[in-house]
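Right, one structure below, let's go through it.
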Amino acid sequence: MQHTTKKLDKSQIEITITVSPEEYDKNLKHAATRISERVAIKGFRKGKAPYDIIKREVGEMQVMQEALERIVQSSFYTIVEQEKIETIGMPDIKIEKMAPGNNLVYIATVALLPEVKLVDLEKISIEKKVKEVTTKDIDDVIENLTKMQAKEIEKDGPAEKDDIIIIDMDLFKDGLAFEGGAAKDYKVYLSENQHIPGFNDALTGLKKGDTKEFEVPFPKDYYNKQLAGNNGLFKIIVKQVMTREFPEINDEFAKALGQDSVEKLKELLKINLSAEADKKAEEQAEIEIFDHVIDASKFDEIPDVLIDAERKKMFYELQKDLERNGITIEQYLNDIKKKEEELFEDFKQQAEKRAKAALISRHVARQHDITVSDEELQQEIDMMKQTYKDMPEYMENLQKKEVHESLRNMLANKKVVALLKEKVLKKSEKKNKKIEDEDKK
């Protein structure tokens, strides 16, 4: 495997790597097997077709495309280890030459670890503020539990504040039907806040069979930018009105939830809510710690490739969040009236902050000799293998060297966060302990 290196500005380096056909042949065979597990090849069971048959059926170029990520990852990390290059973040890869049976040539631009002048951690003090769990918090949870167990019964009269109304709905904007604004058998809980103020009020008092047209203004911060700040005309038909019968809050209600009495249920809810409040306070304290350390530390110029890598991660995270809610990234971009490039630009400030947090973590680990042993890494891998044992794709990823490095970094980051909390939260913890001691007196 041949390579050349070229230093760039902003703590970056460019590595041109050439991988011969002999060196990437094993990756092609693995890729062909993966393809044969997805594509039906006549005369063979899935995953059992010979390599030459797969190449003939799908084409050598497709096999190479399938293998490309692994070829690049394994060769890149081999060169980085060989040259003892201390990188941070993911490399930016540009393919220069790629053809079956020929050398693969690509350029990897990667960030080197910039210098960081770390603030004296003893000068920072963050207080972990845990929200007190009140009687109202517990009562609110119990009220929600009664709603979950409520019986829904059809009624003939007009819909009241605590009722459910089921409607067919069409939305119009500027006299035209709005795309995606029609819904059949749409269920509205009149007692719950809508994203559109006034919508529930317009439905209250209607009964089965009623029709109504009404106009309401959409909030300026409404998630759909085409509707935000504009008026929408709704045409609705009431299909059904349901009233809800809530269970009485007594020991029988508590037993249905696995507790002996209402008092026991409240005790359990207080424990759970307190644990949740503590977790939120812990997460908020970690954010504040990194914010303060970043603001008080000094950094060399942050490599563009490191910021871009963080922006790509943020884009991927957003895409996955949207998909979980049944929304494509194209729909989202259309709603906010932005192009992908503009969204990337919006990410820049937050991406730089995330890059600085990663640098802080690396430097704290260095300064305090924080390492992850092979045994610790193997324990994490074994745990993940157990978790993902029924997911072949995850199991395959767990064999990759770069995944091992990512896990090692994650475990090191956890140790760094624990150290920072010990250093930075200790003053407020001592203060709290002093207050507790005084209360006991």
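Just so it is clear, none of the values below were taken in a lab; they were calculated from the coordinates. These figures come from a predicted structure and were not determined experimentally. Don't worry about glycine lacking a Cβ; one is built from the backbone with ideal geometry, like all the others, and counts go over all protein chains shown.
In the elastic network of the chain, a GNM with C-alpha springs shorter than 10 Å, the most mobile of Asn409, Asn397, Asn103 is Asn397. For Glu375, what is the net charge nearby, where nearby means another residue's Cβ is under 13 Å from its Cβ and Lys, Arg count +1, Asp, Glu -1? With Lys, Arg at +1 and Asp, Glu at -1, the net is -3.
Please say if segment 295-385 is rounded, prolate or oblate, where rounded means a/c under 1.5 for a ≥ b ≥ c the square roots of the C-alpha gyration tensor eigenvalues, and otherwise the choice is prolate for a/b larger than b/c and oblate otherwise? Since a/c reaches 1.5 but b/c is at least a/b, the shape of segment 295-385 is classed as oblate. Once the convex hull of all Cα atoms in segment 233-342 is built, its volume per residue stands at 239 Å³. Tell me whether segment 123-270 comes out rounded, prolate or oblate; compute the Cα gyration tensor, take square roots of the eigenvalues as a ≥ b ≥ c, and use a/c under 1.5 as the rounded threshold. Note, shape of segment 123-270 comes out oblate. With a ≥ b ≥ c taken as the square roots of the eigenvalues of the C-alpha gyration tensor of segment 275-318, please select rounded if a/c is under 1.5 and otherwise prolate if a/b is larger than b/c or oblate if it is not? Since a/c reaches 1.5 but b/c is at least a/b, the shape of segment 275-318 is classed as oblate.
Whole-Hz Karplus values for segment 177-182 come out as 4, 8, 4, x, x, 9 Hz, taken residue by residue from phi with 6.51 cos²θ - 1.76 cosθ + 1.60 and θ = phi - 60°; glycine and proline positions read x. One decimal place: the segment Asp140-Glu301 gains 53.0 nm when fully extended, by the rule 0.36 nm per residue minus the C-alpha distance. Structure remark: mean-square fluctuation, Gaussian network model of the chain, C-alpha springs under 10 Å; the largest value among Lys94, Lys42, Lys337 belongs to Lys42. Taking label positions 7 Å along the Cα-Cβ direction at both Lys389 and Asn272, the computed distance is 2.9 nm, reported to one decimal.
Here the Karplus relation 6.51 cos²θ - 1.76 cosθ + 1.60, evaluated at θ = phi - 60°, turns the backbone of segment 80-94 into coupling constants of 4, 5, 4, 8, 6, 8, 8, 9, 9, x, 8, x, 9, 10, 10 Hz, with x for every Gly and Pro. Over the chain, the ratio between the Cα radius of gyration and 2.2 N^0.38 Å evaluates to 1.32.
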